[in-house]
Amino acid sequence: MKKLIAAAVASSMTAFAMADISITGDAKYEYDLTDNNGTKTSTANTEAHINFTGKSGDTTFVAKFQLVENATDGDFDMEDTYISTKVAGIGIKAGNYASSTSGLAGEIEEGGRSHGKVMLSYKLGDINVYAGNGGDSTATPGADTGMNNNMFAGASTTVGGQTIQVKKNSEVLSSFGMKGSVGGVNYRYEAQDHDTHGDASYAEISTTMNGVTVQYAALDADAATMLSETDSAVFAIESGGISTSDGQDQIAVSTTVDGNKITVKSGTVEKGISSSVDKDYTQLSVSRALASGATAVITYTDQDMSSGDKQNLEIELNVKF
C-alpha cells in the first residue's frame, strides 16, 4: 500500500512538473485625498489582477481576473479568457480580450473587451496580415452570443526600423499608424477616419538627453465622440472622459534622482470644462522601488474646474509578481 501511495504521489508530482503553467499578476493599494474647490473627500481602494497562463506546444490559454475592494463595494471580474494556437502556419486567437493603449489607435479609442472574438493572422514575408470578427461587446458574459459580423482586417510591417500599420476596424472606421525612431527621437503617429464622425489623430515624440526624458503628446479630433480612451498610459487627464473635449496636448518630463523616478506632466484639454472653455492641468509623480519588492508612488494633480481648482493627492503601494 505504501508503495502504491508513493507511486501515485510521484506520478502526480511528475505531471505537475511537466505542465507549463504560470501565474503572474499585480496588486495595489490606493489612498486618494481630493480637494474640489474647498470640498474635501478621501477614498481607499485595493485592486489586484491574477493571470493564469497554460501552454502546450504552440497552444496557449490565458485567463485574467480582477479583484477590487473599496469602502462601498467589492467586485470579482473575469477579464480576458482566450486561447491562441497555430494551424498550418495560421495563427488563431479566440475568446474574450481587449486591445491595449500601446496598440494601433489605443490612445484614441477605448480598448473594450468583447465576447466571441476571433482573429486569424499569417506572415507574408515581412508583412503580418490579420482578419477576424470583433465579437459582441454588449452581450452578457457566458451568454450564447454567436457571431455578429463585426469584421475587421489589417496588416503591419517594418521598413528600415519603422513600423507601419493599417486596419479596417469596421465598415465605417479605418486606422493608420507609424512608429519608430529617427536620430535619437522616438515618434508615434496614429489616425482614424470615421464615415460619420470625421477624423481623429494621436501624435507623440520623445527623446532622452543626459538622463532626462522629454515627451510631447497630442490628440485631435473632428468630434468629441471620436475620443473614447479613459485609461491612457500617457495623459494625466483623459479627453475620453469629457463629453465636450475634442483634443489635448501635454508635455512630460521625467528623470531619476537618488533612486526616485520623478515625472512632471502639464497640459491642456481642449473644451475640457465646456464647449468654449479649456481645462489646464499639472501633475507631479514620484515613484520609488522599495527593498521589500514593492513600489511606492505619490502623485499630486491640479486641474481647472468650472468653479475653482481641483487638487488630488494619491498615495499608492503596488507590487508585481
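Below are the figures for this structure:
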quantity	calculated
Whole-Hz couplings from phi, Karplus 6.51/-1.76/1.60, listed for region 117-127; x for Gly and Pro	6, 9, 9, 10, 9, 8, 9, 10, x, 8, 10
Note, ³J(HN,Hα) from phi for region 170-187, Karplus 6.51, -1.76, 1.60, rounded to Hz, x at Gly and Pro	6, 5, 10, 10, 10, 10, 9, x, 9, 7, x, 9, 9, x, x, 10, 8, 9
Label point at N36 placed 7 Å out along Cα→Cβ; residues across region 277-321 whose backbone nitrogen lies under 14 Å	303-313
Charge tally in the Cβ shell below 11 Å around T60, where Lys, Arg are +1 and Asp, Glu are -1, T60 excluded	+1
Environment charge at E107 (Cβ cut-off 9 Å; Lys +1, Arg +1, Asp -1, Glu -1)	-3
When each of K86/K117; K168/K279; K28/K64; K28/K279; K55/K117 is checked by Cα-Cα distance, pairs over 22 Å	K168/K279; K28/K279
Shape call, region 121-276: gyration tensor on alpha carbons, a/c limit 1.5	oblate
About the Cα centre, charge dipole magnitude for the chain (Lys/Arg +1, Asp/Glu -1 at Cβ), debye	1740
Given charges at Cβ of Lys, Arg, Asp, Glu: region 25-320 dipole, positive-most of A236, A291, S174	A291
Whichever aspartates and glutamates have a C-alpha closer than 13 Å to that of K93, once near sequence neighbours (fewer than 8 apart) are set aside	D58, D80
Computed label-point distance, nm, for sites N45 and I92 using a 7 Å Cα→Cβ extension	3.8
With Cα atoms, 0 to 90° folded angle of helix 2-18 axis to the chain main axis	40
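Read-outs: derived from the displayed coordinates by stated rules, not from any lab. Since the model is a prediction, treat every value here as computed from it, not as a measurement. All Cβ positions, even for glycine, are placed from backbone atoms using ideal geometry, and neighbour counts span all protein chains on display.
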